[in-house]
Amino acid sequence: MDRTATNGSIVIRHADLAVETDEITALLVDYMTTAQRQLLATFGIRDALTDVSGVRASLREYDHSPNVLLVAEDSSRGLVGVAGLRTLGPGVAEVKRMYVVPDVRGLHVGSRLLDCLLGEAAQRAVSTVRLDTARFMVDAQRLYRSRGFVERSPYPQTEIPQLLHDYWIFFELRTDGLVDEGADDIVDAPT
């Protein structure tokens with residue numbers, strides 16, 4: 001069934017990595033570059049969060065289930081957001097690479113991406129969803145808390161290096177009773 005999740009002209013759908021890898025990589029490089037600049041400006045840390053050259057290769061883990069990669073697509077501009085759900089172990093998943101371009105923030109695209117990921121988690125019987133975010137990402141923290149995420153200590157599978165843990169907040173959501181309504185809003189990738 002083709003279900004449309006629109007906000008104006010923005011649709012949330014599964015990524016089509018066969019044709020969208022370059023566009024998704026560009027979004028993620030923008031995200032990481034911006035975060036690295038903010039890390040330097042806020043905390044004076046020059047250490048890179050992630051090897052930007054490896055971003056494209058890192059998308060391969062979303063080529064297969066149970067991992068999920070969603071995109072937000074504007075009919076006139078192309079991709080304006082991305083978010084992933086990565087399996088960490090039985091019943092445990094992690095929200096990764098959640099990013100919305102600055103000029104569509106405020107249109108609840110991030111909320112919709114997160115809700116769709118949580119819906120996917122519910123459909124997969126995930127009992128715990130984890131994520132990490134930099135302390136300067138206050139809007140993201142507000143969103144996560146609004147969905148019931150609570151702070152926790154760093155979890156073993158985080159990609160955040162130990163030396164940066166003090167500058168990050170780690171969150172967890174126990175999904176008992178989580179409804180999978182968000183997954184109903186995901187449109188199939190174009191063929």
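The values are calculated or read from the model by the stated rules, or taken from the named source; none is laboratory data. All of these numbers come straight from a predicted model, not from anything done at the bench. Ideal geometry is used to build each Cβ from the backbone, glycine not excepted, and the neighbour counts take in all protein chains shown. These area figures cover heavy atoms from the full protein model, side chains too; ligands, DNA and RNA do not enter into them. Shrake-Rupley method; radii C 1.70, N 1.55, O 1.52, S 1.80 Å.
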Task: Residue in the stretch 174-188 that is modelled with the highest pLDDT, counting only those that are open to solvent by 30 Å² or more (accessible area, probe 1.4 Å) and part of a loop (DSSP other than H, G, I, E, B) - done: Asp176
Open item on the list: Quick test of your reading of the structure: Ala125 fulfils all but one of (1) more than 21 Å from Val68 (Cα to Cα); (2) assigned to a loop (DSSP other than H, G, I, E, B). Name the failing condition by number.
Closed with: (1)
Open item on the list: Considering only residues that are of a type in the set (Asp, Glu), under 16 Å from Thr21 (Cα atoms) and crowded, with 18+ Cβ neighbours inside 10 Å, which ones fall in the stretch 55-100?
Closed with: Glu73
TODO: Could you please find all residues in the stretch 149-173 being part of a loop (DSSP other than H, G, I, E, B), open to solvent by 30 Å² or more (accessible area, probe 1.4 Å) and at pLDDT below 95?
DONE: Pro156, Gln157, Glu159, Pro161
Task: Those residues of the stretch 77-100 which are part of a strand (DSSP E or B) and out of contact with any helix residue (DSSP H, G or I) (no Cβ under 7 Å at 6 or more places or on another chain), in sequence order - done: Thr87, Leu88, Gly89, Val92, Glu94, Lys96
- [ ] From Thr87, Thr133, grab the single residue that is among the polar types (S, T, N, Q), within 20 Å of Val29 (Cα to Cα) and under 15 Å from the mean Cα position of the chain (by Cα).
- [x] Thr133
TODO: Of the numbered conditions (1) part of a helix (DSSP H, G or I); (2) open to solvent by 40 Å² or more (accessible area, probe 1.4 Å); (3) at pLDDT 95 or above; (4) not basic (Lys, Arg), Asp103 fails exactly one; give the number of that condition.
DONE: (3)
